[in-house]
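Peer 1: Structure in structure tokens, see below.
Every number in this text was worked out from the coordinates using simple rules, so none of it is lab data. None of the values given here were measured: they were computed from a predicted structure. When we count neighbours, we look across all protein chains shown, and the Cβ atoms used for this are built from the backbone with ideal geometry, even at glycine.
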Amino acid sequence: NRTILLASRPQGKPTLETFQFEDRERPTPSKGQVVLKTLYVSVDPYMRGRMSDAKSYIPPFEVGQPISGGVVAEVVESQHPELSVGTVVTGNLPWQEYSLSDGKGLTPVPTDGPPISYYLGILGMPGLTAYFGLLDICRPKEGETVVVSGAAGAVGSVVGQLAKIKGARVVGTAGSDEKVAYLKELGFDEAINYKTTPDIAQALADACPDGVDCYFDNVGGEITDAVYNLLNTHARIALCGQISTYNAEETPVGPRPEGKLLKTSSMLQGFIVSNYAERFPEGVRELTQWVEQGKLTFEETITEGFDQIPTAFLGLFTGENTGKALVKVADR
Ligand code: NDP
């Protein structure tokens, strides 16, 4: 029963040395407990924050303890009154092949609908982040211009499609030509490869001739600086993530955006998806409908094998994934 521990707190970029594999005994359930076989593990950018001990909205991982996160797992032994063998669940579980649980925090997922891995992506945390961040904070109106950074990722690809459903003009930034082509397939009006564009500010200005009404920010840094220069009056910004700075050892200094926000009467709101926990059932219901109607599509980059979890996590910072980055650990 392999498990992955946090070996040490990374300074700057995490490496394979950040992680330590350990073999533990496979657990046996007592009354009220289940043993879960891990099927899919989600690797997410926010986990970088938990590797540091800086104060945040969620406690840090402890050095020498298992790393945990979103997992889809199957009940393989049960002493629990409601969770029978064969039930597939999602929950926050350790990076471990078999885990013990008392069932708290586990959500059973249907196995006769969309792929079960979607409950870590479009029908899980990233999809809900896109849904609430865009529809509750940005509130795009028909004909408005929406910019999404990190557009080809798990959250960004859903944001762009939702903005199209709402009738907006959508512009995305991403880190490769393949991703740019993928965004066009999804219906984005313009997509920019920020890694090869010589002048991101000019490229964004060209792509947004009517300015920017909504900005869904996944990355921060220079892309965000450039978007702030294009804001229209009463623009709305959902500050979702800042992945370009997660490995920075010192707080990066950039142009101060406050003047832009003031002059345009723009609204900037940071948010954490769990702020919307009470509305998750609504979000999952709506997203499921759009997926079933074919109005939303979703890409997954699935790496195979428990031992590949650290590599898949590190790949988030070099843009290896299109759509949701997942690791498949076992078959059902
Ligand atoms: P993604 O699937 O988008 O994966 C991360 C992507 O970020 C990579 O594929 C890469 O794509 C891009 N990236 C990596 N480094 C940089 C960089 N230096 N500059 C620009 N882009 C970079 O991850 P998620 O969809 O899961 O998350 C997207 C963002 O949303 C993250 O910032 C995350 O922290 C945040 N988030 C926030 C939540 C909240 O509650 N507020 C909840 C979930 C996510 P590319 O090839 O384009 O560079």
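Peer 1: Let me know the shape class of the chain, please: from the alpha-carbon gyration tensor, a ≥ b ≥ c as square roots of the eigenvalues, rounded when a/c is under 1.5, otherwise prolate if a/b is greater than b/c, or oblate.
Peer 2: Prolate is the answer for the chain, as a/c is 1.5 or above and a/b outweighs b/c.
Peer 1: Shifting gears a bit: Just subtract the alpha-carbon distance of residue 16 and residue 277 from 0.36 nm times their residue separation and send over the number in nm, one decimal.
Peer 2: This chain segment gains 90.6 nm when fully extended.
Peer 1: How much length is gained on full extension from residue 199 to residue 286, taking 0.36 nm per residue of separation minus their Cα-Cα distance?
Peer 2: Net length gain for the segment: 27.5 nm.
Peer 1: Taking C-beta distances below 4.7 angstrom as the pairing criterion, name the unpartnered cysteines of the chain, in sequence order.
Peer 2: 208, 240
Peer 1: Rounded to the nearest 0.05, what FRET efficiency do residue 141 and residue 317 give with R0 = 30 Å and r taken as the Cβ-Cβ distance? Could you check?
Peer 2: 0.30
Peer 1: Which number gives the lysine pairs in region 125-274 that have C-alpha atoms under 19 Å apart and are eight or more places apart or on different chains?
Peer 2: Close lysine pairs under the 19 Å cut-off: 7.
Peer 1: Based on DSSP, what percent of beta bridges with both residues in the chain are antiparallel, to the nearest 5?
Peer 2: So the antiparallel bridges amount to about 55 percent of the total.
Peer 1: Further question on the same structure: How big is the charge dipole of the chain about its Cα centre, in debye rounded to the nearest 20, if each Lys and Arg gets +1 on its Cβ and each Asp and Glu gets -1 on its Cβ?
Peer 2: Charge dipole, the chain, about its Cα centre: 540 debye, nearest 20.
Peer 1: Using a cut-off of under 15 Å, list every residue of region 115-133 whose amide N is near the label point 7 Å from the Cα of residue 178 along the Cα-to-beta-carbon line.
Peer 2: Backbone N within reach: none found.
Peer 1: Classify region 114-186 as rounded, prolate or oblate from the Cα gyration tensor: take a ≥ b ≥ c as the square roots of its eigenvalues, call it rounded if a/c is under 1.5, otherwise prolate when a/b beats b/c and oblate if not.
Peer 2: Oblate, since a/c reaches 1.5 and b/c is not below a/b.
Peer 1: Taking only Cα atoms of region 125-274, what ratio of Rg to Rh do you get with Rh as the Kirkwood inverse-distance radius?
Peer 2: With Rh from the inverse mean 1/r over Cα pairs, Rg/Rh is 0.93.
Peer 1: Now for a separate question. With label points built 7 Å along Cα→Cβ from the Cα atoms of residue 262 and residue 23, find their separation and express it in nm.
Peer 2: Result: 6.4 nm between the two label points.
Peer 1: Let me ask something else. Using a 7 Å offset from the Cα along the Cα-to-Cβ direction at both residue 31 and residue 233, what is the distance between the two label points in nm, to one decimal?
Peer 2: 7.0 nm
Peer 1: If you don't mind, there's one more thing I want to ask. Two-decimal Rg/Rh of region 1-101 from alpha-carbon positions, Kirkwood Rh?
Peer 2: Here the Rg-to-Rh quotient is 1.02.
Peer 1: Can you grab the distance from the C-alpha centre of region 316-332 to the C-alpha centre of region 222-246, Å, no decimals?
Peer 2: Distance between centres, Cα-based: 26 Å.
Peer 1: Assuming a ≥ b ≥ c are the square roots of the Cα gyration tensor eigenvalues, decide whether region 247-332 counts as rounded (a/c under 1.5), prolate (otherwise, with a/b larger than b/c) or oblate.
Peer 2: Oblate is the answer for region 247-332, as a/c is 1.5 or above yet b/c matches or exceeds a/b.
Peer 1: While we're here: For the chain, take the longest principal axis of its alpha carbons; what is the angle in degrees between that and the long axis of helix 177-186, to the nearest 10 within 0 to 90?
Peer 2: The answer is roughly 90 degrees.
Peer 1: How tilted is helix 280-292 with respect to the longest principal axis of the chain? Cα atoms for both, answer in degrees (0 to 90, nearest 10).
Peer 2: For helix 280-292, the angle is close to 80 degrees.
Peer 1: Now for a different question. Quick one: check the C-alpha center-to-center distance for region 259-312 versus region 36-71, whole angstrom.
Peer 2: So the two Cα centres are separated by 18 Å.
Peer 1: Measuring from label point to label point, each 7 Å out along Cα→Cβ, what is the residue 247 to residue 111 span in nm?
Peer 2: Taking the two extended label points, one gets 3.9 nm.
Peer 1: Compute the FRET efficiency between residue 79 and residue 2 as 1/(1 + (r/R0)^6), taking r as their Cβ-Cβ distance and R0 = 22 Å, and round to the nearest 0.05.
Peer 2: Efficiency for this residue pair is about 0.40.
Peer 1: Cross-link candidates for residue 104: which aspartates and glutamates have Cα within less than 13 Å, leaving aside residues fewer than 8 places away along the same chain?
Peer 2: The reachable aspartates and glutamates, counting only those whose Cα sits under 13 Å from residue 104, are 82.
Peer 1: Counting helices only, and only those DSSP H runs with n ≥ 4, report the 222 nm mean residue ellipticity of the chain as the sum of -39,500 (n - 2.57) divided by its residues, in deg cm²/dmol to the nearest 500.
Peer 2: -6500 deg cm²/dmol
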